1. Tally Lys and Arg at +1 and Asp and Glu at -1 over the other residues with C-beta under 13 Å from the C-beta of MET85: what net charge comes out?
2. Which pairs in the list LYS103/LYS160; LYS136/LYS163; LYS103/LYS136; LYS116/LYS160 are over 24 Å apart, alpha-carbon to alpha-carbon?
3. Suppose R0 equals 41 Å. What FRET efficiency, 1/(1 + (r/R0)^6) with r the Cβ-Cβ distance, do LYS163 and SER128 give to the nearest 0.05?
4. Count charges around SER132 for me, please; just the other residues with Cβ under 13 Å from its Cβ, Lys/Arg as +1, Asp/Glu as -1.
5. If ASP68, ASP97 are ordered by their accessible area, calculated over protein heavy atoms with a 1.4 Å probe, which sequence runs from highest to lowest?
6. Quick one: accessible surface of TRP133, probe radius 1.4 Å, all protein chains present, in square angstrom to the nearest 10.
7. Could you put THR42, THR100 in order of accessible surface area, largest first, with the 1.4 Å probe and the full protein assembly present?
8. Given the C-alpha centroids of the stretch 220-244 and the stretch 94-130, what is the distance between them in whole angstrom?
Amino acid sequence: MITPRKDIPSAPPSEEAETREALQRLAAPLHKPYGTWRNFDTPTAALRAVITEIGDVVLARTIEIMSDGAHQTFGLTISNRHLVMLSGLPVNPETADATTIVKHIGVALAGTQRVKFDIVSRTPVLPSSARSWSCKALMEALGTDDKFATHAVIGAPVLKAVKAKAIAWLQPTSEKETGSGEALAALRRVAASHAQLAEDQAQIRRKTPQMSLISLSPALLCVEITLTDDTLIGLCDANDQTDLIDVWRQYVAATQSD
């Protein structure tokens, strides 16, 4: 006598689909392994990929990020989906919040179309401080502060263009400078004067992106670019005034189109 067949319980279709997708992901080769260039349509997409990388790392490791845009390299030490240390960028870990971290990474990736991730260490020395930034907090900062991220990414090439034309320049925010001692001394005086003015007006005026051109002589021009979180003061040839204005107009047009 043949025993009647008993129906074997099967998983719901939704669970089967999820299981199949999970197995396909596991079987698929890594799309872009470490040490290879990854292409991105926009710098913001590259920034999002960096934050996603933080969320994918559980075991501690240090990763070096290299971009072809600003040609800047910086390092991330990650553990348990948290960024615990950022190197190569002007960030104070004692005071930086998630939004500040996202802003500086966004500036470093300005103009980039390709980014390379490399593992520097799989056994990094973790800082003794308990300060860290979770992937969730960083992604939320990117989402809620997307307007600034756009301004920072677009704004960095403006600063680069002014630097290329400047005889001397300094960035008070990052303490970087280039030029002769005499020229830099003059620019420092301008920076100190503007810093005091900004402090006096802090209660009545928001810091908005702007460009100021001051004629120092028929041959020299002082240029000040103020972005949301960065400032550049440069000494330029007066003949470059038209080009500088065109660069600024392009920046304004790009930010207003968002």
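The values are calculated or read from the model by the stated rules, or taken from the named source; none is laboratory data. None of these values were measured; they are calculated from a predicted model. So basically every Cβ, Gly included, is an ideal-geometry build from the backbone, and we count neighbours across all protein chains shown. Protein only, heavy atoms only, side chains kept; ligands, DNA and RNA dropped before computing areas. Shrake-Rupley method; radii C 1.70, N 1.55, O 1.52, S 1.80 Å.
1. Around MET85, the surrounding residues sum to 0.
2. Long pairs (Cα-Cα over 24 Å): LYS136/LYS163.
3. About 0.65, to the nearest 0.05.
4. +1
5. Correct descending sequence by accessible area is ASP97, ASP68.
6. Rounded to the nearest 10, the figure is 10 Å².
7. If we order THR42, THR100 from most to least accessible, we get THR42, THR100.
8. That distance is 29 Å.
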